[in-house]
Amino acid sequence: LSLAASIASVRFRIAAAARSAGRDPAAITLIAVSKTHPVEAVLAARAVGIADFGENRVQEASGKFAALRRTAPSLRLHLIGPLQTNKVRQAVSLADALHSLDRDRLAEALHESRARGGPCPDCFIQVNVGDEPQKAGIALADADRFIDACRTRWALPVVGLMCIPPVAGDPRPHFARLRDLAGRHGLPGLSMGMTQDFEAAIAEGATHVRIGSAIFGSRA
Ligand SMILES: *Cc1c(COP(=O)(O)O)cnc(C)c1O
């Protein structure tokens, strides 16, 4: 498939999943995850109407997007990968949204950067919904405390929650758990759903789906 056809197909599937869940397709933001793909792929996706892009490494994102963001103000860059505190400065100057706020030290670093007058992206708190030891995200058992602390103690612009469910098994109970947690905290955003599971995520309330391979092809 051409890039345009892949994007059209993904959009069609998003709309179908939204409608069968009784939801408005316009309430779902498609984030095209361009990691590992060259800037030409980003430009081609932009040409067919993609406005939101996802990258998981600050360095790579900076190389591809720093210039582009000055010439294309409507473009939105989402950082979706683990963020080291020593990259916060670069990250906040580049990204519109951060989907991987997952620990006290990072929240504190964002707070300090903001206190010094730096910009701050919209934050999604990443929750380790499957309680997997190898995975990023705040532990489920610690999530209530962390969400409250991010919003009050560190006064960060938290817009929602994010998760990556375990690869094996049905992702839906994990998506549902994230939705319930967000609901309890009155958070509107739910960043969940990737190439393998975005339709299930939409059925459970996803507002932001992060899709790479179904758009750009498989990664090397
Ligand atoms: C790579 C990545 C995606 C996209 O994955 P695909 O399976 O290619 O759609 C989504 N979210 C995160 C956090 C990623 O790192």
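The values are calculated or read from the model by the stated rules, or taken from the named source; none is laboratory data. Everything quoted here is computed from the prediction, not taken from an experiment. Cβ: placed from backbone, ideal geometry, glycine included. Neighbour counts: every protein chain shown. Areas reflect the complete protein model, heavy atoms only, side chains present, ligands, DNA and RNA absent. Shrake-Rupley method; radii C 1.70, N 1.55, O 1.52, S 1.80 Å.
General observations
- For the chain, complete DSSP H runs whose alpha carbons reach 15 Å or more along their own long axis and whose mean Kyte-Doolittle score is 0.0 or higher are 3-20.
- Computed over the chain, the per-residue total of -39500 (n - 2.57) for DSSP H runs of n ≥ 4 gives a 222 nm mean residue ellipticity of -12500 deg cm²/dmol, rounded to 500.
- Amide H contacts of residue 101 (H built 1.01 Å from N, under 5 Å, at least 5 apart or other chain): 124, 126
- Springs between Cα atoms under 10 Å define the GNM used for the chain, and in it the highest mean-square fluctuation of 74, 62, 191 occurs at 74.
- Structure remark: mean-square fluctuation, Gaussian network model of the chain, C-alpha springs under 10 Å; the largest value among 175, 198, 12 belongs to 12.
- For residue 189, the amide hydrogen comes within under 5 Å of the amide hydrogens of 160, 161, counting only partners 5 or more places away or on other chains and with H modelled in the peptide plane.
- With the charge dipole of the chain set up from +1 on Lys and Arg Cβ and -1 on Asp and Glu Cβ about the Cα centre, the Cα lying farthest toward the positive end among the listed residues 66, 84, 201 is that of 66.
- Selected from 118, 130, 141, residue furthest toward positive end of dipole (the chain; charges at beta carbon): 118
- Summary of the geometry: the stretch 18-90 and the stretch 153-220, compared by the centres of their Cα atoms, lie 16 Å apart.
- Positive-pole candidate from 189, 22, 94, dipole of the chain, charges at beta carbon: 94
- Area of residue 167 that stays accessible when all protein chains are in place (1.4 Å probe, Å², to 10): 150
- Charge context of residue 12, other residues only, Cβ under 12 angstrom, K/R +1, D/E -1: +2
- Extension gain, residue 40 to residue 148, is 34.8 nm, computed as 0.36 nm per intervening residue step minus the present C-alpha separation.
- Highest-MSF residue in the chain out of 45, 141, 182 [GNM, Cα springs under 10 Å]: 141
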